[in-house]
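**Student:** I have a structure I would like to understand better, so I am pasting it below and will then ask my questions one at a time.
Values quoted throughout were computed directly from the atomic coordinates according to the rules given, and no laboratory measurement underlies them. Computed from a prediction, not measured in an experiment: that's the story for all the values here. As a convention, Cβ positions derive from the backbone with ideal geometry for all residues, glycine included, and neighbour counts pool all protein chains shown.
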Amino acid sequence: MHTFSRTTGISVVVANMIGTGVFTSLGFQLLGIQSFFVLMMLWLIGGLTALCGALTYAELGANLPRSGGEYNFLSRLYHPSAGFISGWVSATVGFAAPVALAAMTFGAYLSAVFPNLSPRWSAVALVLVLTLLHCRSRQTSSAVQQLFTGLKVLLVILFCAVIFIWGGTPQPVSFAPQSGDSTLLFSGAFAVALIYVNYAYTGWNAATYVTSELDNPQRNLPIVLFVGTGLVMMLYLLLNFTFLSAAPIAILEGKLEIGVIVADHALGNSAGKVMGLVLALLLISTVSAMTMAGPRVLQVIGEDFKLFSMLSRCNRHGVPMTAIFFQGILAVTFILSATFESVLVFSSFVLGVNTLFAVLGVFVMRWKKLNIEGAYKTFAYPFAPLIYLSVTLWTLAYVLISRPIEGGIGIVMIAAGGLLYKLSANK
């Protein structure tokens, strides 16, 4: 049976992470933080936190080798109900909503280049085409994912190179620490900004959703998670350094289309359209990766619960067609109804709770002595998981304090998953 190679695994991680977040969040961060040093520290701390999470997930995935990500981990380490709620969150909020958001952003950027194209129907077309491609076989999925992820990394590096080589006069910025920066690093503004950064880094755990289909997961999963997350962290630091160096803060504050504004300012108006096309191409890889990874969670839920057994059905190549179609239909529904926007506001909170309990699970796993002899163990244990848990708890607390409505809706979403588990367990 054909399995996903290490390269494909890294492609899934990179493609899941680099999406709309890094190209849209800087404008909001600038509303509360004006220090270039603190802004770069924001992306560095976010990256190191994701890396700590990835190192911990590598141990969980190597010792509990089954597709499903948090669903698999929480089911084995805590209780099937915890795993089900996690899978429910991942399958609905975690993948379908970001697929819809990335696809709609793709449509918006594409329509900026080709005004006659409908942004909404371009988004629907992208989701449907990628859904069909990923339903064929693992060979097709691997080829599509590697192609668009390679293109994504190349375009990010090319964008930065073009701005530095052909851009206008660089902004007079200093990335050295300034007076007051130490206070700002521990402020509420930094914690709130870190929520946006953590959203941009979301996806570092993507390879754990296809663990069963990864070639030699005990050996390759730690490499995939570490290399994928580390590569994205370097690209994010490079991108934000480029953004801050190429355009003044005044025109970036509060804006979503950061990449287009920077291109316009540094290269001229025509560059904005080119940047729109570049971002559209980048988002194809993001939608593709989430279309590939998300349905594997639905598949394992279908294998474990009779109520959802239809979702576990695979084609002759072993690809979970029904789950892929289900997620695709759900994403298209979000696109056409536009109701996914309210979901995305609280999705970072819900997914943060999800990964918090998964990372905490590494301590539970060692306590229960579930480690496989010779399998990977977390580098810098227990500091790596403790760092991740501390930063995540800090940001979740600030979500509840500063955004109580979104946090409350997230808690209701988790409770709904618990109710659904009770109904399915009785079937």
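**Student:** Within region 38-74, whose backbone N sits under 15 Å from a point 7 Å along Cα→Cβ of ARG366?
**Tutor:** Under cut-off, by backbone N: 53, 55-61, 63.
**Student:** If you don't mind, there's one more thing I want to ask. Between PHE164 and ALA397, take the C-beta separation as r, use R0 = 56 Å, and let me know the FRET efficiency to the nearest 0.05.
**Tutor:** 0.90
**Student:** In nanometres, what is the gap between the two model label sites at LEU117 and LEU185, each 7 Å from Cα along Cα-to-Cβ?
**Tutor:** 4.4
**Student:** Compute the length gained on full extension between ALA380 and ILE329: take 0.36 nm times their separation in residues and subtract their Cα-Cα distance, giving the result in nm to one decimal.
**Tutor:** Extending this stretch completely gives an extra 14.2 nm.
**Student:** Below 8 Å between Cα atoms, with a sequence gap of 6+, how large is the relative contact order for the chain in percent?
**Tutor:** Computed value for the chain: 35 percent relative contact order.
**Student:** Moving on. Roughly how far apart, in whole Å, are the Cα centres of region 1-75 and region 262-311?
**Tutor:** Going from one Cα centre to the other spans 14 Å.
**Student:** Would you mind checking LYS377/LYS422; LYS152/LYS306; LYS368/LYS422; LYS306/LYS368 for any pair whose Cα atoms are more than 31 angstrom apart?
**Tutor:** LYS377/LYS422; LYS152/LYS306
**Student:** Next question, about the same structure. Cut-off 10 angstrom, C-alpha nodes, Gaussian network model of the chain. Which of THR131, THR333, THR208 fluctuates the most?
**Tutor:** With Cα springs under 10 Å in the chain, the top fluctuation among THR131, THR333, THR208 is at THR333.
**Student:** Counting Lys and Arg as +1 and Asp and Glu as -1, each charge on the Cβ, what is the dipole of the chain about the Cα centre in debye, to the nearest 20?
**Tutor:** Around 1080 debye, computed over the chain.
**Student:** Select from ALA102, ALA207, ALA416 the residue whose mean-square fluctuation is largest in a Gaussian network model of the chain (Cα-Cα springs shorter than 10 Å).
**Tutor:** The residue that fluctuates most here is ALA416.
**Student:** Place +1 on the Cβ of every Lys and Arg and -1 on the Cβ of every Asp and Glu in the chain, take the dipole about the Cα centre, and give the residue among LEU298, LEU77, SER309 whose Cα lies farthest towards its positive end.
**Tutor:** Positive-most Cα among the choices belongs to SER309.
**Student:** Points 7 angstrom from Cα along the Cβ direction at LEU238 and SER270: gap in nanometres?
**Tutor:** Between LEU238 and SER270, the label points sit 2.6 nm apart.
**Student:** Figure the gain on full extension for LEU132 and SER337 (residue separation times 0.36 nm, minus the Cα-Cα span) and round it to one decimal in nm.
**Tutor:** Separation in residues times 0.36 nm, less the Cα-Cα distance, equals 71.6 nm.
**Student:** Still on this model: 222 nm [θ] for the chain, helices only, -39500 (n - 2.57) per DSSP H run of 4+, per residue, to 500?
**Tutor:** So the helix-based figure for the chain works out to -25000 deg cm²/dmol.
**Student:** Comparing SER285, SER182, SER309, which has the greatest mean-square fluctuation in the GNM of the chain with Cα pairs linked when under 10 Å apart?
**Tutor:** Of the options given, SER182 has the highest mean-square fluctuation.
**Student:** While we're looking at this one, here's another question. When the chain is fully extended, how far beyond the present Cα-Cα distance does ILE223 get from MET310, taking 0.36 nm per residue of separation?
**Tutor:** Length gained between ILE223 and MET310: 28.0 nm.
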